Amino acid sequence: MTLAWEALRKPATEREEFLQGECKGQPELFAEVSDVVEWEERMGDFLRQPLITLVNLEEPEPGINDELFRAGQEISGRFVILREVGQGGMAVVYEAFDRKRNQRIAIKRAKRGFGRLLSPELEGALKIRHPNICLVNDTHTAKTDSGEVDFLTMEFLDGETLSARIAREGSLPQEEALTVARQLCAGLAAAHEAGIVHRDLKPSNVILTRYEDGRTRAVITDFGLATEASLDSGLVGGTPRYMAPELWHDEKPGKASDVYALGVILYEIVTGARSFQTSQSWDGKPMPPPERPSSVDEDLPTFWDKVILPCLGRIPNRRPEAGEILAIFDRKPLWKSPVLVAAAIALISIGIVLWPYMAAFFKPADIRLAVLSAPASPDLAALEKGATTDVVERLAHSAKPGATIALIPLEDLQRQQVSTPAAAKSVFDATHVLQVRLSRQNGDLLVEHTLFDLSTGARLDHSTARYGAAAAGAIPAAIAGAVSNALHLRLSDRNETISPEATAAYDRGLYFLNSEPSDPKRAIPEFNKAAELDPKSPLPLAGLVDALLAQFEATKNSEALQLARTALVQAQARGPASIKVLLASGDFHVSQGKYGLAQQDYERALELQPRNVEAFLQLAHVFDIQEMPDRAIDYYRKAIALDPAYYQSYASFGAFYYGRGRYQQAEEQFRKQVQQSPGGSDGYSNLGGILSAEGKYAECAKVLEAGLKISETPRMLNNLGAALASLHRDSEALQRYRRAVTLDPGNYKSWLNIGDSLRRLGRVDEAKEPYRKALDLVRADMRANPDRGQSRAFVAYLEMRLGEVSRASEDMAEALQSWPNDNQVIFSAVQMYEALAQRENALNVLQNATPGLLQQIARHPDLAEISRDPRFIKIVSEKQKGDS
């Protein structure tokens, strides 16, 4: 390490000669040191502090033994060292005996030069108590000949590492793989919920041991690089194979990078293979996506593809959270099993006589819930008892399909002096425990509740909410609603009410929000007023969330997004099981790119209200975003079947088809939208847009002019301008575009179109200003929604128009790699490559284009030359044959 450090201090051209001289006659030493130097050179400034500077390069003082702890040694008057278990990069681990607790433990101390790294581990690990995370007890100090040494004591795990198991046996059996996967997700979710990021998750940091009953227990260990997610630690690290793509660009590790590492681990435990490379090569260039696990092992259920591949996505915000993955595992899918098939055939042949017995055999275990409250201050004792009683009463009238709910009576718990989850399980055989705690803070009530699954030790739900005096009556409904969501119960519909005093303001807010076009600016104060008039109802706050999200979408003002987040927290504190709150929560998660959480919200809404059209439409949208078009179509059709007269279903379904280049189907849906809402301007705008895309410009202009008589909207003006531009009437198009940005200065598409029309009119210098305005707006949109491929493609196109060609090429490559089938991405890419005279690139991109998009490109005023290229004509012909 000393030689490596000296070599790195010299110019790059002198390093090899220096090492050859120093290592003369020692080829193995030369190879080893050269590897270290090459690593450092390749990593560049990836490490904020180079690896070798973390190592104490000074020689130990004479007479000082580096073996600080030895077998048989007693330290701190309590611990006896039994043996050294092993050494890692930063620490030494020993097996020891704790005389005070009378049990075996593990002791971990830092190696020389790494003492300071125990601090973040302690700060992180001591916060977490979970069966799938190694239990860290405390920190101690021992006196040695070298001075005082800090060390950690933790539970001793008698087992083997997951890496050793995979190396020896390859993939895990299906049942065990599912068990290990669920436990890793549960442990990681608990750490993330506590604000802790592991930063170096890998199979060698997972121990496979056993519970007392022999069941497999997977335990995440070595939080040596862990830090609180909210802190900006100066230490960046990890193991290359398990490092997420963003870490190669020196971005801060976070929950998403842990999920990436989890995905690699899951990939390995089900395939036993390392059939995909790390996310980036050493030079930082993107690598191809991994093979589907089911393609590596054809006997592997495709369920694993759907779980693992999203974890390995290149964009952090598009990866699911650990809790979302666990929720998928908790659905307990039944694999294709010959035994199950045989059992089903046998059951059918036996007949219906034995069905009640079989149903009872397969029935899920009943839920036995104990509600425990922590002792409150005397002034809160009556409120605490009343609120707890109300929660129990609400839950007592709940239901769960396929299971019975039993609430352990409060008086029985009090009579037996049961106050802990362990006692509830022991005395009453409780399966779940809800703990409630009330306190005061600055005059407000602070309510904390936690729901535990006693069979797994998992914390299913945890929340702390603040209530003013006027809103205190919402506490029981909020707690009961949260429990019902976590356990998938159905409560009575007591959350969907609002006081008569607040109804008028609430209804006005809904009117402004749902009008065509939507007017969130006028809706927001109405919802705020309704929330003041009825502080217990969640409905005005749920409406406020959607109004603020619409405001953010229109203005890209981050303050609106923050206010929406605050309103959602307040709404959930009043009615987490309210249909309106669940839908608003899903909408907020969509705005953040957290599609797994959004899907859970919408599906929960459908559990409570199976005929909710909005939930079906929003689920369809989520499936569309996640590239599951078949499921999206299914949900759009279900929404239409539930309410054929609801125009918004046709609008959403038409937008889906338009985005996928299926213009004929989109036109059909938009015509139905106009039929169902002839007085709404949005339908005319949608229909005009699709007619323009189909080249039906005369009909397009007629439809849009009719729509403008109803309402002059920026979108309709922009669409009319696009139709005129396609007819080579850019001067007239400019008038419509400029009117559009007057009404909506935040519409970047209109600014972009102004620039394009000015450029085609020969006013190139004048076009730069609208291009710059468009670029600023679309970059703001991309920062807020980094998973929108269209935004990144627009950024690339605008960068190219403003002369930032290198940066534009990188952004467009990123958009195409992540969204290869998005029509707008393809269209922008073809425009850019044609402008740069890169015809080959343009033609390659068109391989993913739909026939409708190809026709639109052929008619575009900037793309006349490529439309005459024989290769383009061939692509059109092949696509038309394939489509037919």
Short version: ³J(HN,Hα) in whole Hz for each residue of the stretch 300-315, in order, from phi by Karplus 6.51 cos²θ - 1.76 cosθ + 1.60 (θ = phi - 60°), x for Gly and Pro, what are they?
-> 7, x, 5, 3, 5, 4, 5, 7, 7, 4, x, 5, 9, x, 6, 9
Please list the radius of gyration and Dmax for the stretch 621-693, considering alpha-carbon atoms only, with Å as the unit.
-> 11.6, 33
Point-to-point label distance, Val569-Arg104, nm (Cα→Cβ direction, 7 Å offset) = 4.6
Solvent exposure, largest accessible area first (probe 1.4 Å, DNA, RNA and ligands not counted), of Phe588, Phe303 = Phe303, Phe588
What list of ³J(HN,Hα) couplings, whole Hz, do you get for the stretch 718-725 from phi and the Karplus terms 6.51, -1.76, 1.60, once you set θ to phi - 60° and write x for glycine and proline?
-> 5, 5, 5, x, 5, 5, 5, 5
Given Pro870, Ile857, Ile826, which one lies farthest toward the positive end of the charge dipole of the stretch 791-876, if we put +1 on the Cβ of every Lys and Arg and -1 on the Cβ of every Asp and Glu?
-> Pro870
State in Å² the accessible area per residue of the stretch 560-652; use a 1.4 Å probe, count heavy atoms of protein chains only, and round to the nearest integer.
-> 39
Hey, rough spin-label estimate for Thr209 and Ala167, points 7 angstrom out along Cα→Cβ, what's it come to in nanometres?
-> 2.1
Would you please calculate the Kirkwood hydrodynamic radius of the stretch 576-670 over all C-alpha pairs and express it in Å, rounded to one decimal?
-> 13.2
Geometric extent, Cα atoms of the stretch 449-606 - Rg, Dmax (angstrom) | 15.6, 51
Calculated FRET efficiency for the pair Arg490/Arg637, C-beta based, R₀ 30 Å, to 0.05 = 0.70
Taking a probe of 1.4 Å, how large is the accessible area per residue of the stretch 145-218, in Å²?
-> 41
May I ask you to give the percent of accessible area on the stretch 744-824 that is carbon plus sulfur, with a probe radius of 1.4 Å?
-> 46
Taking only Cα atoms of the stretch 693-774, radius of gyration then Dmax in Å = 12.2, 37
Pseudo-spin-label distance Asn557 to Thr144, built 7 Å along Cα→Cβ, given in nm, is 6.0
From the Cα gyration tensor of the stretch 755-884, with a ≥ b ≥ c the square roots of its eigenvalues, which class applies: rounded if a/c is under 1.5, or else prolate if a/b is larger than b/c, or else oblate?
-> oblate
Out of residues 5 or more away from Leu407 or on other chains, whose amide H comes under 5 Å of its own, with H placed 1.01 Å from N in the peptide plane?
-> Leu369
J(HN,Hα) series, the stretch 69-79, from Karplus relation 6.51 cos²θ - 1.76 cosθ + 1.60, nearest Hz, glycine and proline x = 10, 10, 4, x, 6, 9, 10, 6, x, 9, 10
Ignoring ligands, DNA and RNA, what percent of the accessible area of the stretch 638-711 is carbon or sulfur (1.4 Å)?
-> 51
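The values are calculated or read from the model by the stated rules, or taken from the named source; none is laboratory data. Just so we're clear, the structure is a prediction, and the values are computed from it rather than from any experiment. Don't worry about glycine lacking a Cβ; one is built from the backbone with ideal geometry, like all the others, and counts go over all protein chains shown. Each accessible area value is taken on the protein alone, full model and side chains, heavy atoms only, with ligands, DNA and RNA left out. Shrake-Rupley method; radii C 1.70, N 1.55, O 1.52, S 1.80 Å.
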